[in-house]
Amino acid sequence: MKIVACYNVKGGIGKTAAAVNLAFLAAHEGARTLVWDLDPQGAASFYFRIKPKVKKGSKGLLTGKKTLEDVVKGTDYPNLDLIPADFSYRNLDLQLDEVKKSDTRIQKLLKPLASEYDFIFLDCPPSISLVSENTLIAADAVIVPTIPTTLSLRTLDQIVEFCNKLNIDHTKIITFFSMMDNRKKLHKQIVENPPQHVRVLDASIPYASDVERMGVYRQPVPVFAGNSRAAKAYRALWEEIKSVLH
Amino acid sequence: MKSLHSAQFIVSQSIDSDAIFTLLQHEFSLHETDHTRLKCHYLDTFDWRMYQKNYVCSWYQTANKRAKNREGIFFIHEKETGNSICELPLSRVPKFSKDINHQAYRSMLDNILGIRALMTVAVLTVKRRQLIILDEEHKTLALLQLEQYTIDESADDDQPAGRLIVCPVRGYPKVFKRVVQLVTEQLKLPHSREALLDEVLTVTGKRPDTCKLTGFQELESSFSTWEAVRILLQHLFSVMQANEYGLREAIDTEFLHDYRVAVRRIRSILGQIKHVFPDKLLAYFKREFSWLGTVTTPTRDLDMYLLKFDGYIQALPDDLQQHLEMFRLFLQRHWKIEHARLCRALDSKRYQKLTSEWQKILANADMPLQREMSTGSQAQETCNAAEPARIVARQRIWKLYKRILKEGGSITPQSHDEDLHELRKSCKKFRYLIEFFQDYYVGKSMKQLLKTLKQLQDNLGDFQDLCVQIEQLNGFAEQMQQEGLADTKTIMAMGVLVERLNERKTALRAEFRRQFESFIQPEKKAVFVEALRVQQHEGVTE
Ligand SMILES: Nc1ncnc2c1ncn2[C@@H]1O[C@H](COP(=O)(O)OP(=O)(O)OP(=O)(O)O)[C@@H](O)[C@H]1O
Ligand SMILES: [Mg+2]
């Protein structure tokens with residue numbers, strides 16, 4: 001089992017879109033796949049039309065009253081399950097702080113699922129917090145969507161620093177360029193000279209209205225626009241991530 | 001990923017999807033899809049390995065020629081529960097476990113199939129209509145599939161009954177329960193009692209009765225030697241015939257292997273159970289079955305090299321590995337030639353004559369006795385035929401045991417490889433005889449003796465294989481040079497390979513003594529003697 005976290009400190013840059021589409025592609029190939037929507041806003045749950053509600057909430061999970069297995073929901077797609085978001089996740093940070101070994105709690109919760117799934121995608125909320133610390137520790141790979149702008153690159157440095165500070169192996173950070181617009185000169189420049197100190201994938205996701213339409217269809221892009229530029233980009237991205245994961 | 005228990009109901013022709021729709025629409029929001037037509041290929045090995053492990057393997061593809069998505073889907077289900085274990089897109093019907101990309105499923109299949117191939121055991125056309133139960137967000141909560149089946153090769157009136165399959169979605173158990181309740185109580189549909197595959201196999205008359213190929217018919221203790229031998233030979237001959245198709249089609253390498261084992265066992269009976277056939281006939285059959293052994297050997301040898309090939313590559317240092325590929329090419333090329341030659345032999349008049357003569361002989365319930373034994377010498381030739389099989393076999397087994405003790409005991413570190421080969425052959429004959437006549441002797445203690453014998457045989461067998469491989473590899477290298485297939489690197493790689501094999505051979509040779517000692521332990525011998533209950537006075541002419 002491989003745990004793949006989609007993470008960035010910045011919001012609104014395509015983390016959830018990546019988690020949902022990559023998980024769908026993995027499942028479509030036959031891999032047993034799970035998405036855990038850790039963001040209390042529940043965007044991933046929304047895309048899968050699953051109510052953002054977990055019985056007994058995050059407390060139930062942290063106290064062991066409920067296991068993750070109890071709260072898994074099947075999606076509309078073969079081989080693809082989801083653990084929905086819950087409103088209580090907005091306090092997850094504080095709740096984690098109260099338990100023992102607070103930084104490896106999520107890892108521990110996921111452990112029993114190891115034999116059930118080939119891939120577990122964590123859709124993380126945008127923040128630097130105990131939740132993100134947990135996911136960074138639990139993950140085998142941390143996918144960081146990055147918009148090719150100077151400011152975003154600085155954020156990327158922040159993440160690497162954050163890892164170093166916590167003694168987390170920062171080589172598991174994998175970046176790809178998200179919402180890329182080839183007409184923008186700056187985007188092009190940055191893509192042509194990517195940062196050297198982290199791994200940047202060749203595949204990138206263009207700025208495309210089909211990604212936005214996910215909110216209308218409430219489906220992964222390959223389901224309603226299988227031949228679109230965006231779907232192809234996500235396929236290429238998944239191929240490259242798989243090769244890195246091996 | 002947890003597999004969920006679906007519910008399957010038998011549906012009579014008169015019920016259509018409308019009735020189900022009407023029933024459920026009061027409580028649920030429904031979406032109904034059009035009919036789809038699917039081709040379902042049920043897959044299993046020749047010896048039904050999936051079925052025996054209680055799995056159903058299938059490959060589905062849309063039967064609609066104009067469909068955009070023609071990609072197939074490979075399934076593994078649990079036979080009894082119908083639970084789905086695996087659902088994978090796959091463009092072609094898979095043959096070997098290596099055709100499955102998904103690592104966990106590949107190794108699961110690998111454990112079950114080994115080197116055996118999946119074959120299509122039945123083809124079914126499925127007409128399916130889906131009824132999807134949705135919540136207010138249009139999320140699927142449960143799935144109903146109404147299916148009608150046509151077995152391609154069967155008559156219209158002899159088809160499996162249709163089914164209604166209710167599939168749960170994880171995390172929505174209440175919906176599933178309610179649907180099942182409604183269908184059971186309101187529509188009064190009966191639960192299906194057996195797996196669809198079983199129903200299909202009943203209709204097609206194909207049954208995985210594997211005992212036909214593995215076990216022998218029980219030998220009664222009153223049987224004469226001819227009666228017993230005839231049953232054994234008939235069985236072995238049917239194994240040969242059952243494997244002929246697969247070896248001609250080269251479905252997998254086990255067909256040829258099993259065919260050859262049957263031939264070898266027949267030869268063993270002809271050679272070991274003496275004075276049953278008239279001399280002239282015996283000489284003919286011995287010669288012809290020996291010929292069959294010979295014509296099948298080159299293909300089997302090449303099969304073996306190809307099966308071991310990945311192991312060969314791994315035995316080499318990294319930089320030489322790629323240079324062995326030419327050797328694989330060479331083997332594949334020669335395999336084709338030899339296999340064609342083998343098929344020609346099986347098409348020959350000589351083979352036809354052998355099979356018809358053989359069937360003629362075996363058809364006769366008491367052939368050797370019915371013949372008027374006009375001369376004394378002919379009576380002598382078949383003098384064991386009417387004797388009790390129990391006694392004749394026992395004496396021969398005892399004799400072979402003594403031979404093994406003698407041959408094995410005289411082997412020293414200085415002995416020639418040939419001496420080990422002789423011992424290997426004696427062990428094989430010994431084992432075959434014990435297996436043939438196990439009804440007479442085999443008890444728990446005998447099983448233990450057979451276990452240590454097996455270890456000894458593995459040692460000797462591997463040793464023999466290595467001797468042959470080492471010799472042949474040198475020959476192949478030469479041949480490849482002549483065929484212009486080998487550069488210096490390839491020859492070098494093969495040289496290193498021979499070295500590795502030689503090392504293994506030496507190790508096996510060193511191991512032999514320990515295996516043999518374990519086989520001849522006094523307490524094991526006592527057990528064996530007891531099992532055979534050898535009574536020297538039960539004299540029968542050898
Ligand atoms: N490649 C893209 N092209 C166009 N729009 C995109 C693209 N990727 C994401 N979007 C849109 O941008 C918005 C934010 O995307 P998404 O929710 O995936 O980002 P996020 O990083 O998960 O955000 P948050 O931090 O709020 O969780 C969504 O409306 C989405 O449809
Ligand atoms: Mg998000």
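The values are calculated or read from the model by the stated rules, or taken from the named source; none is laboratory data. Computed from a prediction, not measured in an experiment: that's the story for all the values here. Using ideal geometry, Cβ is built from the backbone for each residue, glycine included, and neighbour counts are taken over all protein chains shown. Just the protein is used for accessible areas: all its heavy atoms, side chains included, with ligands, DNA and RNA removed. Shrake-Rupley method; radii C 1.70, N 1.55, O 1.52, S 1.80 Å.
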Residue-normalised 222 nm signal for chain A, counting each DSSP H run of n ≥ 4 as -39,500 (n - 2.57), nearest 500 deg cm²/dmol, is -11500 deg cm²/dmol
Considering the zone a paramagnetic label at B:Val93 would reach in this model (a point 7 Å from Cα along the Cα-to-Cβ line), which residues of the range B:26-53 have amide N under 19 Å from it?
B:37-52
Estimated inter-spin distance, B:Gln321 and A:Lys53, nm [label 7 Å along Cα→Cβ]
5.4
Just add up the charged neighbours of B:Gln321: K/R +1, D/E -1, any other residue whose Cβ is under 12 Å from the Cβ of B:Gln321.
-2
Residue-wise, which Karplus ³J(HN,Hα) couplings in Hz belong to the range B:106-121, taking 6.51 cos²θ - 1.76 cosθ + 1.60, θ = phi - 60°, and x for glycine or proline?
4, 6, 4, 5, 4, 5, 8, 7, x, 9, 7, 9, 7, 10, 6, 9
What FRET efficiency do you get for A:Val191 and B:Leu187 if R0 is 56 Å and r is their Cβ-Cβ distance, rounded to the nearest 0.05?
0.40
For the range A:74-86, just list the computed ³J(HN,Hα) in residue order, Karplus coefficients 6.51, -1.76 and 1.60, θ = phi - 60°, integers in Hz, with x standing in for Gly and Pro.
x, 8, 7, 10, x, 6, 10, 10, 9, 9, x, 6, 9
Net lengthening on full extension, B:Glu194/B:Lys68 (0.36 nm per residue, minus Cα-Cα)
42.0 nm
Tell me the net charge near A:Cys163. Cut-off is 15 Å between Cβ atoms, A:Cys163 excluded, with +1 for each Lys or Arg and -1 for each Asp or Glu.
-3
Amide proton proximity set for B:Leu90, modelled H, under 5 Å, gap of 5+
B:Gly72, B:Ile73, B:Phe74
So what is the relative contact order for the range A:129-205, in percent, with contacts set as C-alpha pairs under 8 Å and at least six apart?
34
Taking the simple approach of a point 7 Å from Cα along Cα-to-Cβ for both B:Ile361 and B:Ser518, what is their distance in nm?
3.9
Taking H placed 1.01 Å from N in the peptide plane, check which residues at least 5 places from A:Val35 or on another chain put their amide H under 5 Å from its amide H.
A:Asp81, A:Leu82, A:Ile83, A:Phe121
Relative contact order of chain B, defined on C-alpha pairs under 8 angstrom at six or more residues apart (%)
12
Would you calculate a helix-derived [θ] at 222 nm for chain B, using -39,500 (n - 2.57) for each DSSP H run of n ≥ 4 and dividing by the full residue count, to the nearest 500?
-19000 deg cm²/dmol
GNM of chain A, Cα pairs under 10 angstrom: of A:Ile120, A:Ile190, A:Ile50, the biggest fluctuation goes to A:Ile190
Quick one: helix B:253-272 against the long Cα principal axis of chain B, what's the angle to the nearest 10°, folded into 0 to 90?
30
For B:Ser348 and A:Thr150, extending 7 Å from Cα along the Cα-Cβ vector and measuring point to point gives, in nm, a value of 8.6
Please list, ordered by chain and number, the residues whose modelled amide H lies under 5 Å from the amide H of A:Ile173; skip anything fewer than 5 residues away on the same chain.
A:Val142
Could you go through the range A:173-186 in sequence order and give the Karplus-derived ³J(HN,Hα) for each residue, using 6.51 cos²θ - 1.76 cosθ + 1.60 with θ = phi - 60°, rounded to whole Hz, and x for Gly and Pro?
6, 10, 9, 9, 7, 10, 6, 6, 10, 5, 7, 8, 5, 5
Taking a label point 7 Å from the Cα of B:Ile85 along Cα-to-Cβ, the residues of the range B:97-134 whose backbone nitrogen sits under 11 Å from it are B:105-113
Kindly flag which residue pairs out of A:Lys55/A:Lys108; B:Lys308/B:Lys425; A:Lys172/B:Lys308; B:Lys65/B:Lys95; A:Lys15/A:Lys185; B:Lys206/B:Lys349 have an alpha-carbon separation exceeding 28 Å in this structure.
A:Lys172/B:Lys308; B:Lys206/B:Lys349
For the range B:93-157 and the range A:205-222, what is the separation of their C-alpha centers, rounded to whole Å?
31
10 Å Cβ neighbours from other chains, averaged over peptide B:81-90
2
Count charges around B:Asn54 for me, please; just the other residues with Cβ under 10 Å from its Cβ, Lys/Arg as +1, Asp/Glu as -1.
0
Over chain B, average the accessible area per residue using a 1.4 Å probe and give it in Å², no decimals.
50
Partner shielding of B:133-144, taken as the mean number of other chain Cβ atoms within 10 Å, equals 3
Cut-off 18 Å (backbone N to label point 7 Å along Cα→Cβ of B:Arg287), residues of the range B:316-356
B:348-356
